[in-house]
């Protein structure tokens, strides 16, 4: 198991990550989601032993490998964990040489090296790229080569930072299929940071949200960084989120994260008489079935909001992409942290 324990990490004195515990179990598939600047990339770099936490520990198999009194992590732990960053750097040489480099360093015999390289290249659809160099590749192709290079060395833990951000839909689907196949083949743990909630729910066993460097106590959808106004008389505040205002019950002021749990949003085709202070009309942008019996309804109401309804409710309401929809929720349903 790879885990962060009691970690607080700082850049220039500013706390950017504050996590009591974050664990990636053997064979698990974990997705981390959250807005830009929430700490996803920093968390991955700590897990990858590329940075030492300012406070706390990184443990691998129960052994402290970074932080605390641990010496700098050696080659042993580092070879068990591989990180593919969002903008990966390829070594000089061809794609073939890049894919084989880690295997050469590990002393893998040429026959086995060639087998692994050919296999992973075929699975990720990059065989035709093997004799190309970096300047001959698109950004999406560079990402696929970097993932293939990481899979070739067969790490225990694979960390991926937005691995499909430059990929088209077909390439992204191929990537996630290969990751699923690799997890089925051996006890590989994968921890992936992504902005694509639909993809995260589709492939991951466990979806976790980060906000302001902390794990969010709510589901990953409908998280907004806001500035809470001061005063106003009482705890009811109207908070600007893009072009709309959301009513929330809070006594906090200043920078905060506002969260609207999708299960607390009431979905209808027309405004209904209710005590909900938040009523927004918009249009359905997509419907997804991320869990059995439940439909995630994404709508543009000035900003993008996601609600969850039953499959029966979606049918009864006649929800279709492009169709009208009304989202309603109480001010007390809005969580602020």
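Every read-out reported here was derived from the displayed coordinates using simple, explicitly stated rules and does not represent laboratory data. It should be emphasised that the depicted structure is a prediction, and the values quoted were computed from it without experimental measurement. For neighbour counting, all protein chains shown are included, and Cβ atoms are generated from backbone atoms with ideal geometry for every residue, glycine included.
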For 23-33, 177-187, 274-284, ranked highest to lowest by mean beta-carbon neighbours within 10 Å, the order is 23-33, 274-284, 177-187
For the stretch 144-276, shape from the Cα gyration tensor axes a ≥ b ≥ c, cut at a/c of 1.5 then a/b versus b/c, turns out prolate
For the residue 122, residue 36 Cβ pair and Förster radius 30 Å, calculated FRET efficiency rounded to 0.05 is 0.30
With label points set 7 Å from each Cα along the Cα-to-Cβ direction at residue 177 and residue 205, the distance between them in nm comes to 2.3 nm
Zone reached by a paramagnetic label modelled 7 Å from residue 285 Cα along Cα→Cβ, restricted to the stretch 311-337 with backbone N below 19 Å, covers 319-329
For residue 196 and residue 238, extending 7 Å from Cα along the Cα-Cβ vector and measuring point to point gives, in nm, a value of 3.9 nm
When 11, 176 are arranged by how many other beta-carbons sit within 10 Å of their Cβ, fewest first, they go 11, 176
Hydrodynamic radius by Kirkwood for the chain, inverse mean 1/r across distinct Cα pairs, in Å, is 22.0 Å
Note: probe point = Cα of residue 132 + 7 Å toward Cβ; backbone nitrogen < 17 Å; residues of the stretch 70-94 passing the test are 88-94
Long-range alpha-carbon pairs in the stretch 223-336, meaning those over 19 Å apart, account in percent for 45 percent
In degrees rounded to 10, the 0-90 angle between helix 169-185 Cα long axis and the longest Cα principal axis of the chain is 60 degrees
Taking a crude spin-label model, label points 7 Å out from Cα along the C-beta direction, the residue 272 to residue 14 distance in nm is 4.4 nm
Relative contact order in percent for the chain (Cα pairs under 8 Å, 6+ apart) equals 17 percent
In whole angstrom, the spacing between the Cα centers of the stretch 84-162 and the stretch 1-20 equals 30 Å
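Highest mean first, what order results for 62-71, 145-154 on Cβ atoms within 10 Å?
Values: 62-71: 14.6, 145-154: 22.5.
Those peptides, ordered most packed to least, come out 145-154, 62-71.
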Within the chain, the percent of DSSP beta bridges that are antiparallel, given to the nearest 5, stands at 75 percent
The residues 320, 288, sorted from fewest to most surrounding Cβ atoms within 10 Å, come out as 320, 288
Taking a label point 7 Å from the Cα of residue 184 along Cα-to-Cβ, the residues of the stretch 110-148 whose backbone nitrogen sits under 16 Å from it are 123-124
In whole µm²/s, the translational diffusion coefficient that Stokes-Einstein assigns to the stretch 1-118, given a Kirkwood hydrodynamic radius over C-alpha pairs, 4 °C and 1.567 mPa s, equals 80 µm²/s
With Cα coordinates, the longest principal axis of the chain makes an angle with the long axis of helix 110-123, in degrees rounded to 10, of 30 degrees
